[in-house]
Amino acid sequence: MSTHAHSDHHGHGAHGGHGHDQGHGDGHAHGSFGSYMIGFVLSVILTAIPFWLVMNGTLDNGTTTAVVLGLALVQIIVHMVYFLHMNSRSEGGWTMLALIFTLIVVVIMLAGSLWVMYHLNANMMPGMSHDMSRMP
């Protein structure tokens with residue numbers, strides 16, 4: 001077989017070029033105007049609710065914090081679905097798999113950091129002051 005022979009196993013066409021006449025069957029989801037508007041409206045609502053809760057002080061601090069964090073997580077999902085077009089079908093599922101792996105690593109890092117900081121604070125030498133207001 002000649003060294004100049006080209007096999008077409010990457011889907012670049014018969015001559016190996018990147019033709020622009022191919023359809024959008026490349027696995028990338030492209031949003032419509034309607035889907036972008038749905039994402040935009042949901043994002044505005046998911047921003048306005050926490051803003052209203054914080055400004056009016058209708059809930060106690062712990063509940064407000066939990067609601068704001070919960071709505072922030074929902075807003076992250078809205079952005080990923082409506083603007084980044086992430087789903088289990090895009091890129092053959094590899095995009096979602098990479099996201100899941102990233103989330104696992106971030107959770108492990110955050111949990112480990114909080115665990116270390118808590119135990120460092122709880123196991124400080126006796127007699128050391130925990131009052132940070134007297135620090136220079």
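Derivation of every value follows stated rules applied to the coordinates shown; laboratory data play no part. The model shown is predicted, which means the values in this text are computed figures rather than measured ones. Reconstructed Cβ throughout: ideal geometry from the backbone, glycine too, with neighbour counts over all protein chains shown.
With the simple spin-label model, which puts each label point 7 Å out from Cα in the Cβ direction, the Thr63 to Phe101 separation comes to 4.2 nm. Couplings for region 41-54, taken from phi via the Karplus curve 6.51 cos²θ - 1.76 cosθ + 1.60 with θ = phi - 60°, read 5, 4, 5, 5, 5, 6, 8, 5, 4, x, 4, 5, 4, 6 Hz in order; Gly and Pro are left as x. With a simple spin-label model that places each label point 7 Å from the Cα along the Cα-to-Cβ direction, the separation between Leu73 and Asn56 comes to 2.4 nm.
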